[in-house]
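Q: After the structure tokens below, expect a handful of questions from me.
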Amino acid sequence: MSQLTQITSKLPKVGTTIFTVMSALASEKAAVNLGQGFPDFDCDPALIDAVSAAMKAGLNQYPPMTGVPALRTAIAEKIKALHGYQYDATTEITITAGATQGILTSLLCAVHAGDEVIVIEPAYDSYVPAIELAGGTPVFVQMQVDTQGYSVPWDKVAAAVTPKTRLIMVNTPHNPTGTIFQQADIDALANIVRGTEMLILADEVYEHMVYDGQQHLSLCRHPELAKRTFVNSSFGKTYHVTGWKVGFVAAPAALMAEFRKVHQFNVFTVNTPVQHGLAEYMKHQSAYIDLPRFYQRKRDLFQNGLKNTRFKLLPSEGTYFQCVDYSAISSLPEAEFAKWLTSEIGVAAIPVSAFYNTPRESGIVRFCFAKKDETLALALERLAKI
Ligand SMILES: Cc1ncc(COP(=O)(O)O)c(C=O)c1O
């Protein structure tokens with residue numbers, strides 16, 4: 001390659017991820033794919049109708065930079081009803097091209113070169129590259145895992161704070177572990193940031209997937225945290241339309257003003273008919289209110305089936321993920337075990353080590369249960385043979 005065509009990578013550590021590898025292997029081996037984190041079933045036809053109606057009504061040109069007002073208003077009303085916090089739909093909510101863009105934009109506007117950002121591992125894979133693109137340095141704190149499952153060691157988070165810490169990233173309900181924040185987690189976080197200038201990025205894309213009668217504790221419920229938090233969410237998860245890539249960020253006006261400066265020159269805005277369709281569809285509150293019941297039934301079906309296997313279940317309190325300990329089956333490293341499971345047993349899973357930046361082996365893989373019952377049944381039949 002000639003000198004002219006070479007560039008210095010801004011993300012030298014980013015290569016082909018295990019997600020790509022596992023998906024390719026799953027299709028090559030015709031494995032049941034419980035690796036990919038998206039549904040294998042379609043969304044409500046009423047949502048398609050609402051988007052089609054918007055297209056047919058000629059709503060096909062640029063919407064406002066911040067998003068369609070009806071959608072921002074519907075989001076503000078929903079947050080107020082569920083969490084009691086009133087965001088101003090005009091100045092405090094912006095529609096994004098999925099949570100991934102919301103996360104990147106939040107970090108680009110808030111993090112300056114040399115700032116430190118605390119990342120709790122295992123962590124969603126976009127966080128670290130986004131911090132690095134913003135010029136920040138990720139500082140890792142690892143969740144602890146024992147027979148009760150995963151939890152955040154808040155004393156270690158507190159110990160990781162330095163004068164350079166600009167932002168703490170949190171994710172509840174949590175991918176990949178399926179844990180959710182309890183009030184004690186929220187209080188511990190509030191204690192850490194109190195009296196500092198630190199900001200928070202809360203990734204709440206699984207906000208409507210919380211089980212066993214528990215409640216999603218959005219960070220906006222806590223007045224002190226709401227003042228310093230970018231809350232990120234995604235319609236893709238809630239409405240079974242991950243491919244539409246539409247989400248939103250809610251944050252206090254001063255933070256949102258800076259967010260919008262970056263958003264404006266990043267995507268400018270997000271596609272119009274889908275926003276109108278979502279605004280219309282959000283009137284069907286049952287779509288998100290019934291979601292925990294819908295997914296809890298799938299989780300229970302999957303968990304009950306796994307009880308007939310040699311996998312050990314970890315708790316899944318939220319999200320559509322189930323982590324399992326395979327130490328009774330194999331001592332292979334996680335990535336090798338996931339490849340073996342895909343090739344030899346015909347069920348694809350994701351190694352939890354893929355969510356760590358530092359090499360770590362816990363003998364745990366993640367399955368996604370956002371699948372048709374027959375998909376889950378076929379996977380369980382195969383897993384029971386191990
Ligand atoms: C924790 C987490 N955050 C963000 C995203 C990205 O959401 P979106 O597809 O809306 O960009 C995902 C998708 O899997 C996720 O699991």
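Q: For Thr8, are the conditions met, namely being without any contact (Cβ under 8 Å) to a residue 12 or more places away in the chain, of a type in the set (Val, Ile, Thr) and part of a loop (DSSP other than H, G, I, E, B)?
A: On the way: without any contact (Cβ under 8 Å) to a residue 12 or more places away in the chain: yes; of a type in the set (Val, Ile, Thr): yes; part of a loop (DSSP other than H, G, I, E, B): yes.
So Thr8 passes the test.
Q: Considering each residue of the range 237-258, count those that are assigned to a helix (DSSP H, G or I), more than 16 Å from the ligand (Cβ to nearest atom) and either within 14 Å of Ala110 (Cβ to Cβ) or in contact with a helix residue (DSSP H, G or I) (Cβ under 8 Å, 6 or more places away or on another chain) (or both), and give that number.
A: Going residue by residue through the range 237-258, those that are assigned to a helix (DSSP H, G or I) are 237-238, 242-244, 253-258.
Pick out the ones that are also more than 16 Å from the ligand (Cβ to nearest atom) and you get 253-258.
Of the ones still in play, those that are also either within 14 Å of Ala110 (Cβ to Cβ) or in contact with a helix residue (DSSP H, G or I) (Cβ under 8 Å, 6 or more places away or on another chain) (or both) are 254-258.
Of the residues in that region, 5 qualify.
Q: Can you tell me which of (1) more than 24 Å from His276 (Cα to Cα); (2) open to solvent by less than 50 Å² (accessible area, probe 1.4 Å) is the one Gln36 doesn't meet?
A: Tallying (1) more than 24 Å from His276 (Cα to Cα); (2) open to solvent by less than 50 Å² (accessible area, probe 1.4 Å), Gln36 fails exactly one: (2).
Q: Kindly evaluate Ser353 against the criterion of being small (Gly, Ala, Ser), in contact with a strand residue (DSSP E or B) (Cβ under 9 Å, 6 or more places away or on another chain), crowded, with 18+ Cβ neighbours inside 10 Å and not in a loop (DSSP other than H, G, I, E, B).
A: Numbers: small (Gly, Ala, Ser): yes; in contact with a strand residue (DSSP E or B) (Cβ under 9 Å, 6 or more places away or on another chain): yes; crowded, with 18+ Cβ neighbours inside 10 Å: yes; not in a loop (DSSP other than H, G, I, E, B): yes.
Answer is yes for this residue.
Q: I would also like to ask the following. With a cut-off of at least 3 residues that are modelled with pLDDT of 95 or more and within 14 Å of the ligand (Cβ to nearest atom), name the helices (runs of 4 or more DSSP H) lying wholly within the range 125-236.
A: On the way: elements: 127-133, 154-160, 183-193, 223-226.
The qualifying helices (runs of 4 or more DSSP H) are 127-133.
Q: While we're on this one: Any idea which residue in the range 218-249 is surrounded by the fewest Cβ atoms within 10 Å (Cβ to Cβ), counting only those that are more than 15 Å from His208 (Cβ to Cβ), touching a strand residue (DSSP E or B) at 6+ places or on another chain (Cβ under 6 Å) and aliphatic (A, V, I, L, M)?
A: Leu219
Q: Kindly indicate whether any position in the range 310-319 is within 21 Å of the chain's Cα centre (by Cα) and β-branched (Val, Ile, Thr).
A: Yes.
Q: Filter the range 129-157 down to the residues that are aromatic (Phe, Trp, Tyr) and surrounded by fewer than 18 Cβ atoms within 10 Å (Cβ to Cβ), then identify the one that is farthest from Pro315 (Cα to Cα).
A: Within the range 129-157, the first condition is being aromatic (Phe, Trp, Tyr), and the residues that meet it are 140, 150, 154.
If we keep only those that are surrounded by fewer than 18 Cβ atoms within 10 Å (Cβ to Cβ) too, we end up with 140, 154.
Values: Phe140: 23, Trp154: 20 Å.
Across the range 129-157, the extreme among qualifying residues is Phe140.
Q: Confirm whether Tyr288 is away from the ligand (no atom under 13 Å from the Cβ) and open to solvent by 10 Å² or more (accessible area, probe 1.4 Å).
A: Working: away from the ligand (no atom under 13 Å from the Cβ): yes; open to solvent by 10 Å² or more (accessible area, probe 1.4 Å): yes.
In short, yes.
Q: Taking Tyr326 as the residue in question, decide whether it is touching a residue at least 40 places away in the same chain (Cβ under 8 Å) and either open to solvent by 70 Å² or more (accessible area, probe 1.4 Å) or hydroxyl-bearing (Ser, Thr, Tyr) (or both). Please lay out each step first, then the result.
A: Numbers: touching a residue at least 40 places away in the same chain (Cβ under 8 Å): no; either open to solvent by 70 Å² or more (accessible area, probe 1.4 Å) or hydroxyl-bearing (Ser, Thr, Tyr) (or both): yes.
Criteria not met by Tyr326.
The values are calculated or read from the model by the stated rules, or taken from the named source; none is laboratory data. Since the structure is predicted, the reported quantities are computational estimates derived from the model, not experimental observations. Glycine also receives a Cβ, built like all others from the backbone with ideal geometry; neighbour counts cover every protein chain displayed. Ligands, DNA and RNA are excluded from the accessible area calculation, which covers all protein heavy atoms including side chains. Shrake-Rupley method; radii C 1.70, N 1.55, O 1.52, S 1.80 Å.
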